[in-house]
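Structure, as structure tokens:
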Amino acid sequence: MAKKKTPSRKPAASARLSRLPSPSAQVMQVRHLDRAPKFVRPKRIHPRRILPLIPEGTERAFHSLTAPALLEMARPGMVRAAPAAGMLVLATHTELTSPATQQTASNVDEPSVAANDQVVFYTGNWYAAVSSDAGQTFQYLDPATAFKASDPPNASFCCDQIVHYIPQIDTFVWLLQYGNPAQSDNLQRLAFAKTADVVQGRWRLYDITTAFLGVPGAFLDFPDLAVGAHSLYVTTNIFPGGSRAGSAVVRIPLDSIASGQVAAKPFVSNELQSFRVAQHCGTRAFFAAHQDTSTLAVFSWDEADQAPTPTAVGVSRWIGGDGYVSRTPDGRRWLDRADPRITGATLAGNELWFAWSVDTGSNHRP
């Protein structure tokens, strides 16, 4: 969908913000390791939160006209042409085998990566790695013990890591999801570090808690990060109990991160789940969730506004449910965790893109 560009302007000073709690007034020092730590499975891990089924939408008069995607597979004797200008080219191939040999990898790896110049920071579900030579070599970090001295009582690192680089303030942000035995009132932890401090393992911590979001007793899951012109955006699903699910977007001004006095403005929905903020969103953030299987609830949130504005956007009706069936040679159904939540979002010029998975037979979109 097309959107007009918004002129660059800083957020209004009157925007009401709340300080994010910091578990430590000190910069946290994190050790770098030569190999990934061996993952010790907790005696009890939080059960997978099952998202409610997306309501069925009405059939639309329009359908996708996109041709099926064609994936080019290498064949013996095939000679590839030189890449055209602007094409993505593989520059470095470095295998990170240590998470596998140390049994730190997981079936749901959910990789995330950020880079600035020679510094590369990479995370999986249960491990993290850093490179200071543009990805030629890596050292590892242990998310389970990295910030243990500042962990709340009975809380510890669980899973779900995201990393992003904020060029405007030369800062890496590392998000770690925490859990606890009560399986409620957990938190999404944000660690910030300048590029030089990433190499030295020096991070500042701030926590997004259920109390901050106004959802006491809920469980936070499936986080993500996006960077705009003057703001960082954090999303998380909210599970208040039973079969319900909501979602939150937390807007954090970049100047508050740079000053060390991190403040934020949350937006919480109890009806929609799995918000995803478009990357490169400038001074107006766009995020969306499924209202039903033929309608997107698209929100726009100007940095000067207190709250986002929703718009219902019709899309070609798709099929979502339990249709992701594929078996490996040893009989494992490796696609069972796939679902239709939005996993990709970006703003390219005046075009706003959202991507999600659907069952076979829905339409011909790639």
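The numbers here are math on the coordinates, done by the rules we state, and not lab data. All of these numbers come straight from a predicted model, not from anything done at the bench. Neighbour counts are summed over all protein chains in view; Cβ atoms, including those assigned to glycine, are modelled from backbone coordinates with ideal geometry.
Observations, loosely collected:
- Within the listed set THR311, THR171, THR346, the Gaussian network model of the chain (springs between alpha-carbon atoms below 10 Å) gives the highest mean-square fluctuation for THR311.
- Sequence of TRP301, TRP334 once ranked by neighbouring C-beta atoms within 10 Å, starting from the fewest: TRP334, TRP301
- Bridgeable aspartates and glutamates around LYS265 (alpha carbons under 15 Å apart, same-chain partners fewer than 8 residues away excluded): ASP207, ASP255, ASP302, GLU303, ASP305.
- Each residue of the range 86-100 was assigned a 3J(HN,Hα) from its phi angle through the Karplus expression (A = 6.51, B = -1.76, C = 1.60, θ = phi - 60°), giving x, 6, 6, 10, 6, 9, 9, 10, 10, 8, 9, 7, 4, x, 6 Hz with x at Gly and Pro.
- 5 angstrom amide H check on LEU33, placed H, neighbours 5+ away: TYR140, LEU141
- Residue order, fewest to most beta carbons within 10 Å, for PHE62, PHE138, PHE287: PHE62, PHE138, PHE287
- Taking the Cα centre of the chain as reference, the dipole from Cβ charges on Lys and Arg (+1) and Asp and Glu (-1) amounts to some 220 debye.
- Debye, to nearest 20: dipole size of the range 300-339, +1 on Lys, Arg Cβ, -1 on Asp, Glu Cβ: 440
- Remark: the range 150-300 carries a charge dipole of roughly 260 debye about the Cα centre, counting +1 on each Lys and Arg Cβ and -1 on each Asp and Glu Cβ.
- Farthest towards the positive end of the charge dipole of the chain, among the residues TRP126, HIS32, GLY214, is the Cα of GLY214, using unit charges on the Cβ of Lys, Arg, Asp and Glu.
- Mean-square fluctuations from a GNM of the chain, with a 10 angstrom spring cutoff on Cα atoms, peak among LEU88, LEU53, LEU190 at LEU88.
- Counting only Cα atoms, the chain measures 60, 58, 47 Å along its principal axes, largest extent leading.
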